[in-house]
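S.K.: Have a look at this one before I ask anything.
The values are calculated or read from the model by the stated rules, or taken from the named source; none is laboratory data. Values in this document were obtained by computation on a predicted structure and should not be read as measured data. Cβ sites come from the backbone with ideal geometry, for glycine too, and all protein chains shown count toward neighbours. The accessibility values were calculated without ligands, DNA or RNA, using every heavy atom of the protein model including side chains. Shrake-Rupley method; radii C 1.70, N 1.55, O 1.52, S 1.80 Å.
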Amino acid sequence: MKRSQLTSEALAAWTCKALAEGEVSLARQELPDLDPRSFIRALASGGVPKGVSLALVGFDEDARELERLARRAGLSGISHFAANLHEAAAWQNDRQRHPVIVAYARGTVTGVNTLRHFDGPSSCDLALTLLGWALKQPTFTGTEAHKRLLEQLGVLVQNDEFSFEQVRAFLEAWSEGSGNGAPRDALPALGLLRDPNLFAEACLISDRLEQNVALMATLRDRSASHMSGLEKRIHQSLAKAKNKADFRALVKTFEKLQNIRRSPTPDALGEVTLDEALKVFAPPRPEPDNTTTADDQQEDEPTTLNEKRLQRTCADALLDNRNEELESNAEALSQSLRAALDDGDDGGHDEWVCEVQIKGDEQTLKASLDRGFVAWVRHFCKVEAWGGLIETSLPDLKHALDDFDRPETLTLNPERLGVGQKGELSVSTLLAGWDDDLKAQGKGKRGRVALWQRFKELRSQLLDSLEELTHFPLEWFAGKSNVRSVVENYLKTCGQLFGLVAKHYGAMAQSDPNWAKTTLEALLALDVVQVRTALPDGRRSSKAVLLPTHPLHLWRYWRLSKLLRGLGKELNPADRKAVIEEAGVPIQFLSVIYASPLPGKKGAAQVLPVANDLYSLATFENLRNAYNGPDGQSALVYSVERFAAAHRLHVSPLRLVLVNPPQAGALLLELLKLLDGRKKRLVEKLRVEVRGTQAQEARLKEALLFDTREREIIEEKVSSGRLELVVNREAKPLDEILAELKERPAHLVAVFDEAPVSVRRGGAGQRLPMSPFCVRRKVAFHRRWNELRLEPVAGDPPFFEFIELIKHVEGNEGEGTPYAWAEAEALRESVDSVVSPENFGSQWFFLADRALPEEGAMKAQRLLRRREGQRQVLLAARDYGALARLMKPVFEEDTPNLLMPVAQLNELLGEGAHLIGAGLLDLVKSQEGRVVPVKVIGLIGTLLAARDFIQRHPGALLVSTDSQLARTWLRLGTQGERCDLLGVYESGGKLVGECVEIKTTKGAPRPLTDSDISNACKQVAATLAAVREGLGDMTNAEEAGQFLAAPRNEMLKEVLVQGCMGRFASDAERSCWAGWLTQLFGPTPEMPDLRGTVVDVALGSAEGKPEENITIGEMTVCLRHLNEVDVERLLQRPEDVENGGDTRNENGGDPPRPTAPQPSGGPALQFVPSQPDVEAPTCVSVSEGSSDRLPSGMSGSGSDSAEVASTGGTQSTAAWSVTLGHTKDGQPVAWPPTIRGNPHLMIVGLSGMGKTTCLINLCRQLHAGGVAPIVFSYHDDIDERLSELFSNVARHDCRDLGFNPMRIVGSSGKFWSGVRISLGFAV
Amino acid sequence: MRAQSRWSYARLREAPVGSFQSFANEGRFEECEDAWNYVKAKLEGRPNFEEFYGTVALRSGLAQPRASRVPAKHFEPQPDTLRVLVWSVLPHSDPMIPLSEFLDRLQSTWGLIIGGRPDDARLLRDLGYAGLDQDHDLTPNTAALVSLLTELGLATRFSDGLVMCHSEPRFT
């Protein structure tokens, strides 16, 4: 079958379909070659109505011949024929004779502009029609796989992957081939490689095709240098390989691919298969054959490990309890490290290498060796040295420590503290004084000195393995049982000593306060190195670092090595991965340390918050936000991208304000990617303004420094006019920066690191994160603050005792445990002040900080909240209006019976946003400005089920198990194996924990046998089991083999406490929930009744189904159905209306009603009607979807109540209409501007016929109906007449807007702007 | 010439390299010793032959933008390059020809296919430029050429839509 015939078939099929649909004017130029005979035959078989005039131009047949062909084919519907397009254009002027015109031409014919207004098939339409036609032909549907291939090609054509030319060439090649393999061999005609395995798996056809397309794109876009690099690698592999035949084949394939790159003709494409090409891009690693000799093995490059991977492999070995491997590795690592240290001592950086065994394979560790680090650790960590103090002017902690060898540097010798009248006091004498005094008072026994001696002995034993504890502590503990036992004793002794001192501190302080305090200062100074830095302004900053022998450094690794051992057999692969990752995260468990005045009374004598880590040793600083990493940047880019996608009509340029951006150059590069590729359709131009506050002034300076690559890219974008970059060098307080924004609002403002980290004792603020592996916390309710908090209560020695000492030395007994807090609460007001008011400063507010403000009292709505590395990220907006408007079409299309007004959607989203762990922005397709319908349906199902849950259990605490934290610890495998929600409520005096999984469908309710539902039941049962492990008495959990119980318990605490602090919790509810949490996690934890529910939300059916139960293992799971009627009930929330209030609001008032809908465009699109008598809402926007927000004045009433009821909402507009005039027989003609009616109206007439008068009349009626009309005008007379009619017309000139409201963006990317300059409009 | 024509760019960026390599393979450098010496002198310190001629393609105004990171790379003749192309196919003796004739001559003289002729799509596909679509690529490409020619005064669009190309700049 020839291409020309295929074109004929496609065009004829499309024409018949269009004519059948009632089209009367069809035309298309620039057609490829076509066979008129086939075309007419196909038209005859497809059916053509009477009275069609047909022109076929440029196909070598005159009108007479065409007529003859039609007669022979039995095509009787065609009345006129032409072979000239001008003749066909003239038909247009005589529609009575030519009621239906069909005109097709090969190439372009000029002078027939009138035909441009006719409908015609695009080349994509033709390609799709051709594939549809092929699906009906026996030639192309020999097997099911062939049909599937054609269907898949249709999908790819819709994605613009293939042109019409390719499709018809492909079908031509297919029809010329023979056998079932013909389509595989015809793939080169599509511009793809041959694929003999295309039909190997019917379900993989689409994957294979997509793989082929992707490979061709890769091949096309690879530069010459990339390809030469690839060639080099293949040749290197060839040189190393034992089995050279494979690699020689690869070389040949590579040459063929190079040929394809230069000349990708179908012949060249046919020479390589897809699988061969894939091997070139992912060549197999050369494997030694069986005859490999020892020498050969040495030549092979072994797998290398770094410190991080080593720690992970060690955690892995611990989980499997591979004791022999751990022991041998610890020994090998120790020997290699010591050998490397002995090799040379030049004080510089080099690396050490060690061969370790991982599951029987030998792998090589290559780790850096910082001799400077080793040197200062050795200096401060000796038998007689227990830390010290460095005075320096170097601002960097690491450099200051490396520079320890100075005369001013002090070391702390506990036997010669340098305090006392003669400087004679030591820890031994101090503790002896305690023993004597307390014994004399009869309060406690002696024993502190003995404990101290024991403590010293154990420490000196540990000093033998100082380097090991510094470089690979986890591996060392894991592999050395004797070290573990020494450390266990060490920690125990330390705990006893600190505990005894803390216990009797009060008594001792009464007897001799100075003595008591000096003792504490001495104990807290042990194994800490302080660095006092002289600042340019004369002040001093204080920093501190823990030494490897500090009990709290050892505690984490000792505990991990104990906890992980043998845990692996209980874990599935996903849990295992999570545990290994957690073991490798360098989170410090200690959030503060006391920097003692010792040694030499030169210490800081203050509590310092944790800052970072240095070679896994915790560091503490009193600087504001010492962290300067890039964390949070990718979330910012994601947010900007989603903003552009959710606001397609935003004012250009997209205005972005960055306050204190860390690593501004790298961040800009990421943002500039939005201007490239497919994303540039969303962001045409970007304006980035960099600001800085005084606290982060250094970053402002840094923002002006770009490296060469950054500068090149930024300059290119600036010169092409697509980027405006402004760096405001004046550092100002954040409030001032945000206030300035109100004068010229931005689309998105991003603030980094404005929450100062300081030391607090309870109260407001958010604690810095600690690993749930190491820390236990209690739930505390601060009644006056109305806050639920988690406060660390580590039971393991010596953590608790150490904190007690800090409290005593600070003189803050009983005031709560001191911890580092980030003061993020003030930022809440900043967010609200920028986003919420009418004169807002930014549409979206992005915050990235070590801690975030609680959302409880925040007015702005959360769009995204997640943790990214060291920072937490919050994205807030005034409401969910923009998202709701994007989502609305999904309901109109997928669930036509379910009316989902934007206001209710907005409310529903506001109510349940905290239940969506990943954030709502995932709904928006980043490159298309559309939402993903499946996700929207799933989301709404979840939100409705959540509302249903709360209605069934008033006052219940409902949280998401999809948060980042819950995902880490609650998961039992992948996300699909965890349920959605966890609810806690009281029933019959007993607490109930209920796991809820929601499955939403557009169809009817599903039975238990449905695969989705049965999977959901399994998810719920699995989550219930995990929750059961995390609740109840934890005391003996580890002994009972439930090693994940403790982290899960901590996770549940945190998830539930965060839920309590959510925005919709009232005071009474928080108080009640605090009681429940105390019952669940208090000193005598109660195991609640655990229940599981699967909610099947059927949005497209009113069919009722009773609840069903299923038993899985020991768990019973209930299946509950919500149908269309339930959904409508839930959307209406009748109890809210009746009660006039909702206890779920923190103010005790109405439930959180959405604020007035806001326009989705930029600030310039906001119009506030100035008519006092218009009683409605009312911001009206020109963006799409605005017509559904008609004011209440337009609501139906009286006789139209039936229709109001049928629409299910109070916003029906069916009854209201505008009278346009009367028909000849006097019948009124009305225009109902409703949602579902026709909202469009065109007024056409000659000059002077009254178009403007009609328009003015329309405005008058609209105004009377409560609608503020927006008139786009470019005639002064309209403005004048409107001004005469209405006293309060607001006028705007479009030139002040920065955008053209009449601009229409079509699919071709073109736009039409008839009146670009003189256009004004009036409201 | 069309902004999104990645296909053309990806293939044609190496076209000058291929030309010179063919030239060298045929041993024709011996015929132009001066040019060869110039090339060798310019190649000193450069990593390879290919990069050099890639640069030539950029500098000659055929390929742009020059920045390495922009993905939507395309060919866009600079005004001078386009003028030379027009003059090369439109001698003074033949002052004005229709666009279709101009496109024919561009192909026959230089092997340049713009996409405005009925067979261009088929021709391009047979040459391996498989992904080019008439509506999305070729028609806009032709329109872009006409627009550029019109801006330079080298083409005139008459009221009936007919486009005539001419060697002498004319502005209406």
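S.K.: Within region A:860-878, count every residue that is more than 20 Å from A:ILE737 (Cβ to Cβ) and either part of a loop (DSSP other than H, G, I, E, B) or among the acidic types (Asp, Glu) (or both).
M.R.: Number of matching residues: 3.
S.K.: Filter region A:350-371 down to the residues that are small (Gly, Ala, Ser) and farther than 16 Å from A:ARG312 by Cβ, then identify the one that is nearest to the chain's Cα centre (by Cα).
M.R.: Here the residue is A:SER368.
S.K.: Could you pull out the residue among A:ALA339, A:ALA332 that is modelled with pLDDT of 85 or more, surrounded by fewer than 18 Cβ atoms within 10 Å (Cβ to Cβ) and closer than 20 Å to A:THR470 by Cβ?
M.R.: Checking each option against the conditions leaves just A:ALA332.
S.K.: While we're looking at this one, here's another question. Tally the residues that are surrounded by fewer than 19 Cβ atoms within 10 Å (Cβ to Cβ) and more than 9 Å from every other protein chain (Cβ to nearest Cβ), restricting the search to region A:119-135.
M.R.: Qualifying residue count, region A:119-135: 3.
S.K.: Answer yes or no: is there a residue in region A:487-509 that is in contact with a Gly (Cβ under 7 Å, 6 or more places away or on another chain), surrounded by fewer than 22 Cβ atoms within 10 Å (Cβ to Cβ) and in a loop (DSSP other than H, G, I, E, B).
M.R.: yes
S.K.: Could you tell me whether A:LYS252 is farther than 30 Å from B:LEU132 by Cα and either surrounded by fewer than 20 Cβ atoms within 10 Å (Cβ to Cβ) or within 14 Å of chain B (Cβ to nearest Cβ) (or both)?
M.R.: No; evaluated as a whole, the condition is false for this residue.
S.K.: Would you check if A:THR15 is among the polar types (S, T, N, Q), within 12 Å of A:TYR104 (Cβ to Cβ) and within 14 Å of another protein chain (Cβ to nearest Cβ)?
M.R.: When the stated conditions are applied, A:THR15 does not pass them.
S.K.: Please count how many residues of region A:870-896 are among the polar types (S, T, N, Q) and open to solvent by less than 40 Å² (accessible area, probe 1.4 Å).
M.R.: Residues in region A:870-896 being among the polar types (S, T, N, Q) and open to solvent by less than 40 Å² (accessible area, probe 1.4 Å): 2 in total.
S.K.: Shifting gears a bit: Could you tell me whether any residue of region A:205-227 is away from every other protein chain (no Cβ under 14 Å), over 30 Å from A:VAL167 (Cβ atoms), at pLDDT 80 or above and touching a Lys or Arg at 6+ places or on another chain (Cβ under 9 Å)?
M.R.: No, the conditions are met nowhere in region A:205-227.
S.K.: Another question about this same structure. Considering only residues that are within 10 Å of chain B (Cβ to nearest Cβ) and polar (S, T, N, Q), look in region A:158-177 and name the one that is surrounded by the fewest Cβ atoms within 10 Å (Cβ to Cβ).
M.R.: A:GLN166
S.K.: Taking the condition in contact with a Leu (Cβ under 6 Å, 6 or more places away or on another chain), away from chain B (no Cβ under 14 Å) and not hydroxyl-bearing (Ser, Thr, Tyr), does A:PHE247 pass?
M.R.: Answer is yes for this residue.
S.K.: For A:ARG72, indicate whether it is within 11 Å of another protein chain (Cβ to nearest Cβ) and either free of Cβ contacts under 8 Å to residues at least 24 places away in the same chain or closer than 20 Å to A:GLU9 by Cα (or both).
M.R.: In short, no.
S.K.: Out of region A:84-110, which residues are within 14 Å of chain B (Cβ to nearest Cβ) and either open to solvent by 70 Å² or more (accessible area, probe 1.4 Å) or not aliphatic (A, V, I, L, M) (or both)?
M.R.: A:HIS86, A:TYR104, A:ARG106, A:GLY107, A:THR108, A:THR110
S.K.: Further question on the same structure: Could you give every pair whose Cβ atoms fall below 9 Å, whose first residue belongs to region A:127-153 and is in contact (Cβ under 8 Å) with a residue 60 or more places away in the chain, and whose second residue is in a helix (DSSP H, G or I) and exposed (fewer than 15 other Cβ atoms within 10 Å of the Cβ), counting only separations of at least 6 or pairs across chains?
M.R.: Here the result reads A:ALA145/A:ALA202, each pair linking region A:127-153 to a residue that is in a helix (DSSP H, G or I) and exposed (fewer than 15 other Cβ atoms within 10 Å of the Cβ).
S.K.: Can you find, within region A:1087-1103, the residue that is most open to solvent (accessible area, probe 1.4 Å) among those that are at pLDDT 85 or above and not in a strand (DSSP E or B)?
M.R.: Going through the qualifying residues, I end up with A:MET1087.
S.K.: Do you know which residues across region A:474-483 are touching a residue at least 40 places away in the same chain (Cβ under 8 Å) and in contact with a Ser or Thr (Cβ under 7 Å, 6 or more places away or on another chain)?
M.R.: Within region A:474-483, A:LEU474, A:TRP476, A:PHE477, A:ALA478 meet the criteria.
S.K.: Would you check if there is a residue in region A:462-470 being closer than 22 Å to A:LEU805 by Cα and either open to solvent by 10 Å² or more (accessible area, probe 1.4 Å) or not in a loop (DSSP other than H, G, I, E, B) (or both)?
M.R.: no
S.K.: Can you name the number of the only condition in (1) part of a loop (DSSP other than H, G, I, E, B); (2) in contact (Cβ under 8 Å) with a residue 24 or more places away in the chain that A:ALA200 fails?
M.R.: The one condition A:ALA200 does not meet is (2).
S.K.: Select, from A:PRO196, A:PRO183, the only residue that is buried (at least 23 other Cβ atoms within 10 Å of the Cβ), farther than 22 Å from A:SER263 by Cβ and away from chain B (no Cβ under 14 Å).
M.R.: A:PRO183 is the lone residue from the list that is buried (at least 23 other Cβ atoms within 10 Å of the Cβ), farther than 22 Å from A:SER263 by Cβ and away from chain B (no Cβ under 14 Å).
S.K.: Just the residues that are within 12 Å of chain B (Cβ to nearest Cβ) and either polar (S, T, N, Q) or within 14 Å of A:GLY665 (Cα to Cα) (or both), please, taken from region A:719-729.
M.R.: A:SER719, A:SER720, listed by residue number.
S.K.: May I pose another question? Filter region B:110-140 down to residues that are buried (at least 19 other Cβ atoms within 10 Å of the Cβ) and at positive phi and give me whichever is nearest to the other protein chains (Cβ to nearest Cβ).
M.R.: B:GLY128
S.K.: (1) acidic (Asp, Glu); (2) within 23 Å of A:GLY442 (Cβ to Cβ); (3) open to solvent by less than 10 Å² (accessible area, probe 1.4 Å): which one isn't true of A:ASP527, the others all being true?
M.R.: Every listed condition holds for A:ASP527 apart from (2).
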